[in-house]
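Single-structure report; data block below.
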Amino acid sequence: MTDSRPVLTMTGISKSFPGVRALHDVNFRLFPGEVHALMGENGAGKSTLIKVLTGVYDTDEGTITLDGEPVSFSGPMQATAAGVSTVFQEVNLCTNLSVAENIFIGREPRRLGAVHWGEVRRRARALLARLDLDLDVSAPLGSYSLAIQQMVAIARAIDIKARVLILDEPTSSLDAGEVAQLFRIMRQLRDEGIAILFVTHFLDQVYEIADRITVLRNGGLVGEYLTAELPQLSLVEKMIGKELDVLEGIEEHSRRDLAALEEGTPLVAVSNFGRGGAVEPFSLTIHAGEVVGLAGLLGSGRTEVARLLFGADRTDGGQVAVDGTASSLRTPAQAIDHGIGFCSENRRAEGIVADLSVRENMILAMQAARGWLRPVPRRRQDELVDKYVKALNIRPADPEVPVRNLSGGNQQKVLLARWLITEPRLLILDEPTRGIDIGAKTEIQKLVTQLSDGGMAVLFISAELEEVLRLSHKVAVMRDRQMVAQLANDDTLDADRIMQTIASGSHREEADR
Amino acid sequence: MTTGSLTAGRARFRLPRRQIPVLATLVLLLVMYGIGVSQYQAFSNVQVIFNVFIDNGFLLVVAIGMTFVILTGGIDLSVGSVVAMTAMVSAWLLQEGLPAALVLVIALLIGPTLGLLMGCAIHFFEIQPFIVTLAGMFFARGMCTFISGSSIPITDGFWTRMSQERIGDPRGNFVSISVLIAFVVVAVAAYVLAYTRLGRNVYAIGGNPQSALLMGLPVGRTRIAVYTISGLCSAIGGILLSFYTLSGAPLIAVGMELDVIAAVVIGGTVLTGGSGYVFGTVLGVLVLGVIQTLITFDGSLNSWWTKIVIGGLLFAFILLQRLIGIRYK
């Protein structure tokens, strides 16, 4: 870190969207040769600040200076030309083009008007060598992993004599080794004097790499801190604006007597459910008031289990009993009839209807259950929506705002509310807390405990073992598309044991508890 | 260079996956040619191949334009009508007594102008290319009958010369001037796609339009350009067709757009865009031409068999593309 003048300053930035005040009087500075983390919950305004900076949005108020000169970019391209490059969370490159071309397209070296392919490849190799990457620059980008693609995106960004590099959640789809690789490159670029703005949800990563932290909350600036002077706990408190004891409460709560719950007829009992190519046959019972955690790596078949239980995919065979009576779960409609609700992990594509309002989104499932010929009276709608907006602390608390304008965490809550309104007996939550901030996460976890106390059964799918452990009475472990174990969540169960089960895949040794 | 774990992520598939469809088409073409040669003695005559080019030169030119459009992930349904309109306008203006050079210039301007307008509609109003070019198709076809309800013969000296000129070797094999023009178009198109920014932007947009935009590529300009190029190719195709038939007819080239799309897809260009080659399109047109020739040689088969075979091939190739897509995605 240097004590020189900031390369970039943003002063008094404000930005509003219809119904949402996204940023209010925010200041931000970035020094050359530092990694500066921008932290905040979902909806705190991080993305908006970056979009304002790179010219995707205009500012309502405030000024941006680059090297002391006031600037106003018309879009990412102009920002890039001025030395402010952005690498987004999703890799925004063309997988059908070669690695070299992805780095240089739009500014290829040319000879007599023709693209000089030899030069393109030579320079791409040189640039990647600077980042310590050894790739076949002629191979299509799509043949490399997402992590490599991310680094090619960085190579593209820094080639343009970048002085400011913005990394918007670059690590969200990378594994630990890949993150380390990325950090090595970030450190190297920092040492070369590039100012890096880093946005992430992972606190550990911030403490590993960032020199300075700026915290936003609800569109406002909380403060700018040196990482070394800000303990992790204070950071979280500054982000969510309240003390962290809520999590502790939940921990106590969940470790209840499984045996008591498992008396009586199971709510849903499936045996030998499975689907060729998706998930091996499994058996699972869920009792009223029970939270069943589903743990496993990404792609281990967790979502496939959920989809089978909801009838979104058909099982190849097996039996299912609901309330002890033989039944079938072959379509989502049947599942809904049995009182099963399913919150998809893919909330953009399979859940939220972005252009409809919060109210309309919440009412959807209830309306579908009633049939379209019996509209839900508007007053009843308002009552219900009002109740859940309050109960789930959805912000902004205006039910008529299009869901599109809400942050990810709040969209997730709307989706939850949609199913809660139908008063399901079994709620399947697929990664309900992924990509949302700690505050909203805590609220959702709290809600799951409350629901189960109220007698609702929950199938809780999450990649975060701590979360699964905290909430579940019983944990089913998936590995390579097989349900390899079902473990009672007693005092002996911890993340390590689940991890070992995932890793070793001890076949059904511990199954059936 | 320290590479560490990174080489683990190295490209595993060394097969040239983007070339697979083109290679498949090449194999198919060779097999069909082999069948022809083994069944019919006269098939091995070089002139058979030349005739395929002579009969399909205009189709090839139009298919080159379509290749640009499909590479961006778009579609141009207006090409057949634009071909007919160009031929019609040429015949009509020549009949009116305009000099051939002027007629050529006018005829070559109509197609690109319509293409430009359609491209603008697609880009600025964000309308589906399918609908916009469908409108263009009806418009151009309507203009044909507006000019004349019946066929107009061409008697102009330049046109007849272009129609009858034979460029050949001493053994009597020959091609028409149209074929040479088509080859020039192919060569120019191949160069543009491989070596110019316009060409590379076409691939980028076909690969991922959102990314192309974020990479700062001129997406709008490129999109408009490809429809203009397609319009120009249709105009050239229309002129070649009028050389070939020495007339302009309102109902000529009906449904040609579908043959053209079939040729491009069989040539290995992926309908969703981003992958394909001009060379593939040449092969695709040849496949269509050779099927036709085979059926003509047989003599006993109804000419509709051409369509049936093309239908089957088209399905097979789309399936192939899909399978490759699934395996490598």
Margin query: I'd like the full set of residues that are at the interface with chain B (Cβ under 7 Å from one of its Cβ atoms) and modelled with pLDDT under 90, limited to the stretch A:121-138.
Written below: A:Ala129, A:Asp132, A:Leu133, A:Asp134
Notebook entry, point to check: With respect to A:Ser143, is the statement that it is without any contact (Cβ under 8 Å) to a residue 24 or more places away in the chain, of a type in the set (Ser, Thr, Tyr) and crowded, with 20+ Cβ neighbours inside 10 Å true?
Noted result: yes
Next item on the list: Collect the residues in the stretch A:77-86 that are polar (S, T, N, Q) and either touching a strand residue (DSSP E or B) at 6+ places or on another chain (Cβ under 6 Å) or facing another protein chain (nearest Cβ under 7 Å) (or both), keeping them in residue-number order.
Entry: A:Thr80, A:Ser85, A:Thr86
Item checked: Any pair with Cβ under 6 angstrom, 6 or more apart, that starts in the stretch B:203-222 at a residue that is facing chain A (nearest Cβ under 7 Å) and within 18 Å of A:Ala155 (Cβ to Cβ) and ends at one that is polar (S, T, N, Q) and assigned to a helix (DSSP H, G or I) -> B:Leu217/B:Asn201
Margin query: Looking at the structure I just gave you, is A:Val353 within 24 Å of A:Ala44 (Cα to Cα), touching a residue at least 24 places away in the same chain (Cβ under 8 Å) and outside any helix (DSSP H, G or I)?
Written below: yes
Notebook entry, point to check: Taking the stretch A:202-237 on its own, how many of its residues are in contact with a Gly (Cβ under 7 Å, 6 or more places away or on another chain) and either closer than 22 Å to A:Thr171 by Cα or of a type in the set (Lys, Arg) (or both)?
Noted result: 3
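Going by what's in this entry, would B:Gly237 be described as more than 11 Å from chain A (Cβ to nearest Cβ) and not in a loop (DSSP other than H, G, I, E, B)?
Working: more than 11 Å from chain A (Cβ to nearest Cβ): yes; not in a loop (DSSP other than H, G, I, E, B): yes.
Against the criterion (more than 11 Å from chain A (Cβ to nearest Cβ) and not in a loop (DSSP other than H, G, I, E, B)), B:Gly237 qualifies.
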Next item on the list: Enumerate the helices (runs of 4 or more DSSP H) found wholly within the stretch A:142-221, keeping only those where 1 or more residues are over 21 Å from the mean Cα position of the chain (by Cα), away from chain B (no Cβ under 11 Å) and not aromatic (Phe, Trp, Tyr).
Entry: A:146-159, A:176-191
Checklist line | Failed item, numbered, when A:Pro399 is tested on (1) assigned to a helix (DSSP H, G or I); (2) modelled with pLDDT of 85 or more; (3) touching a helix residue (DSSP H, G or I) at 6+ places or on another chain (Cβ under 6 Å); (4) farther than 21 Å from A:Val268 by Cα | finding: (1)
Notebook entry, point to check: Filter the stretch A:87-120 for residues that are facing another protein chain (nearest Cβ under 9 Å) and among the small types (Gly, Ala, Ser); which is farthest from B:Ser275 (Cα to Cα)?
Noted result: A:Gly113
Margin query: Return the residues of the stretch A:178-226 that are in contact with a helix residue (DSSP H, G or I) (Cβ under 6 Å, 6 or more places away or on another chain) and among the small types (Gly, Ala, Ser); say none if nothing qualifies.
Written below: A:Ala210
Item checked: Residue check, B:Gly255 surrounded by fewer than 20 Cβ atoms within 10 Å (Cβ to Cβ), more than 30 Å from B:Val37 (Cα to Cα) and free of Cβ contacts under 8 Å to residues at least 40 places away in the same chain -> no
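If a residue must be in contact with a helix residue (DSSP H, G or I) (Cβ under 6 Å, 6 or more places away or on another chain), assigned to a helix (DSSP H, G or I) and either of a type in the set (Ser, Thr, Tyr) or closer than 24 Å to B:Ile239 by Cβ (or both), how many such residues does the stretch B:31-53 contain?
Final tally of qualifying residues: 3.
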Notebook entry, point to check: How about the stretch A:58-106: which strands (runs of 3 or more DSSP E) wholly inside it have at least 2 residues that are at positive phi and modelled with pLDDT of 90 or more?
Noted result: none
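The values are calculated or read from the model by the stated rules, or taken from the named source; none is laboratory data. On a predicted model such as this, the values are computed, not experimentally measured, just so you know. Glycine also receives a Cβ, built like all others from the backbone with ideal geometry; neighbour counts cover every protein chain displayed.
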